[in-house]
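The values are calculated or read from the model by the stated rules, or taken from the named source; none is laboratory data. Because the structure is a prediction, the values reported are computed rather than measured. Note: ideal-geometry Cβ built from the backbone for every residue, glycine included; neighbour counts use all protein chains shown. For accessibility, only protein heavy atoms count, side chains too; no ligands or nucleic acids. Shrake-Rupley method; radii C 1.70, N 1.55, O 1.52, S 1.80 Å.
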Amino acid sequence: MTTTGATRHTRYDRRMFAVMNDRGAQALYATAARRRTAVAAHVLLTAAGVAAGIGTRTSEGQWPAFALLALALPWCLATGVINGATRGLLELRTHVLDERQLAERDRVRARAHRLTTYLLAGAVVGVAAGDWTGQVRAGTLLVPVLAALFVMHWLMPLWVAGLAARDELAGEA
């Protein structure tokens, strides 16, 4: 952990740095294929969670709420695997990261922003096309599409960082 200028690291900073750099679960993200699998699992768990969350508002049964609760633990585990693979690139505070990590975080966020922009444009075109053709009223799509896009905007940097992470060198700890 580097100290820049007069910035002092708090106990929280030191603890989060230790957690994000713990190599105990390295086998789960040691290769690019495993990182891609973790990101794919996270995307699927997120999609299922969003669907269950939307279902709690539209369904008369309680199964979506139970499904959401059941998805929470595997989602958190997948998030932890990605955060471990990136060594907390998106979770650690700015003053804890070195210049290389800050540049990588900027690259990841820029790429995620571009991808989210394309998804937003696609959603606008899709909702407009559904409304224009009379297939679906735009108002019925507003909440679910906005909820899904918000979650993708929130998590896209994590997914991009997980996919962009490189294999560690044999001697690197």
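Couple of notes before you dig in:
- Answer from A129, A138, A121 - the residue that is among the hydrophobic types (A, V, I, L, M, F, W, C), modelled with pLDDT under 95, over 22 Å from the mean Cα position of the chain (by Cα) and open to solvent by 40 Å² or more (accessible area, probe 1.4 Å): A129
- Within the stretch 101-116, not a single residue is open to solvent by 60 Å² or more (accessible area, probe 1.4 Å) and closer than 19 Å to R14 by Cβ.
- Some residue of the stretch 98-115 being more than 14 Å from P157 (Cβ to Cβ) and outside any helix (DSSP H, G or I): yes
- Condition met for L92 (under 27 Å from R14 (Cβ atoms), without any contact (Cβ under 8 Å) to a residue 60 or more places away in the chain and touching a helix residue (DSSP H, G or I) at 6+ places or on another chain (Cβ under 8 Å)): no
- Conditions (1) within 23 Å of V160 (Cβ to Cβ); (2) hydroxyl-bearing (S, T, Y); (3) in contact with a helix residue (DSSP H, G or I) (Cβ under 6 Å, 6 or more places away or on another chain): number failed by T56: (1)
- Residue within the stretch 121-132 that is closer than 17 Å to L90 by Cα and of a type in the set (G, A, S) present: no
- Within the option set R34, R8, being within 24 Å of L92 (Cβ to Cβ), part of a helix (DSSP H, G or I) and basic (K, R) holds for one residue only, R34.
- In the stretch 152-163, residue most open to solvent (accessible area, probe 1.4 Å) [restricted to those that are in contact with a Leu (Cβ under 9 Å, 6 or more places away or on another chain) and either closer than 16 Å to T37 by Cα or among the aliphatic types (A, V, I, L, M) (or both)]: M152
- Residue in the stretch 128-148 that is among the acidic types (D, E) and part of a loop (DSSP other than H, G, I, E, B) present: no
- Search result, residues across the stretch 52-70 that are in contact (Cβ under 8 Å) with a residue 12 or more places away in the chain and open to solvent by 40 Å² or more (accessible area, probe 1.4 Å): I54, T56, R57, A65, L68
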